[in-house]
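> Below: one structure in structure tokens.
Nothing in this text is a laboratory measurement; each read-out follows from the coordinates by a stated rule. All of these numbers come straight from a predicted model, not from anything done at the bench. Don't worry about glycine lacking a Cβ; one is built from the backbone with ideal geometry, like all the others, and counts go over all protein chains shown.
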Amino acid sequence: MGMQGKQILVVDDEAPIRDMLRFGLERSGFRVSRAADVPSARLAVAQTHPDLLLLDWMLPAVSGIEYARELKAAATTRDLPIIMLTARGEEEDAVRGLNVGCDDYIAKPFSMPELVARIQAVLRRSVPGGESERIRVNGLEVDAASQRVTMSGEPVHLGPTEYRLLHFFVSHPERVYTREQVLDRVWGQNVYVEERTVDVHIRRLRKALAPHGCDAMIQTVRGTGYRFSEKHG
């Protein structure tokens, strides 16, 4: 699957950063649109239908987190992948962003190759892999072709990362995986992501499964990691 021509929207209030990102991303084969604040980002999202948003945390008037919340609450943009740009040391903001539904974050200053690798990893996770199989476990059905998940016929709404996590787990039932193994298999090797990012996405996956009564299938194995099991405990 080519990343060429994917449309990235950069939302940052600092012009030099917008220009630097546009230059670097265009050289990597992406198409780039830019916005300095949330009102112009809203317009750009409606007009250009980006494949991914690079969203700065500290924006004037409406903050990055408020905008991320707004995007995740609207059906048309719920699945739009978001990578947050945070300043070094704003770990708490980054984790809050992941909790709101962002897919990844990267702290400034960062290198262009690292950013491009992170963008490619997130885009890979949000694109159907062309598999046609359906996996069924106890009324939970994961349809790989359409990336739809249902529980007893009811749709389960998942973001791209939670979908990949669930797909990975249902494909490898009853096996315990460490956070590191989950990162490698779901996020992709050579992608720098904090291990606690796994915990945040596991929490989000459980929260999405909870109304359907199947969150207990994602089990925490103390001191090791996680396992998917239809057996309790």
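> Please report how far the C-alpha centroid of the stretch 1-65 lies from that of the stretch 134-164, rounded to the nearest whole angstrom.
Here the two parts' Cα centres lie 30 Å apart.
> Oh, and also: Count charges around residue 225 for me, please; just the other residues with Cβ under 11 Å from its Cβ, Lys/Arg as +1, Asp/Glu as -1.
Working: positive: 175, 179, 222, 227; negative: 180, 195, 199.
For residues surrounding residue 225, the net value is +1.
> Need the list of aspartates and glutamates near residue 231 for cross-linking: C-alpha distance under 18 angstrom, and skip anything on the same chain fewer than eight residues off.
Candidates past the 8-residue exclusion: 141, 174, 215.
> Follow-up question, since we're still on this one. Could you pull out every one of the lysines with an alpha carbon less than 20 Å from that of residue 72, ignoring same-chain neighbours closer than 8 positions?
207
> In degrees from 0 to 90, rounded to the nearest 10, what is the angle of the helix 38-48 Cα long axis to the longest principal axis of the chain?
For 38-48 against the chain, the angle is about 70 degrees.
> Evaluate 2.2 N^0.38 Å with N set to the residue count of the stretch 7-125, then give the Cα radius of gyration divided by it.
Here the answer is 0.94, to two decimals.
> Hey, another quick one. Among 163, 105, 192, which one shows the biggest mean-square fluctuation in a GNM of the chain, springs joining Cα atoms closer than 10 Å?
Its mean-square fluctuation being the largest, the pick is 192.
> Can you figure out the FRET efficiency of residue 216 with residue 114, using R₀ = 45 Å and their beta-carbon distance, to the nearest 0.05?
Computed FRET efficiency for residue 216 and residue 114: 0.75.
> Using only DSSP helix segments of four residues or longer, with each worth -39500 (n - 2.57), what per-residue ellipticity at 222 nm results for the chain after dividing by its residue count and rounding to 500?
-11500 deg cm²/dmol
> Connecting C-alpha atoms closer than 10 Å in a GNM of the chain, tell me which of 121, 46, 36 has the biggest fluctuation.
Looking only at 121, 46, 36, the biggest GNM fluctuation is shown by 46.
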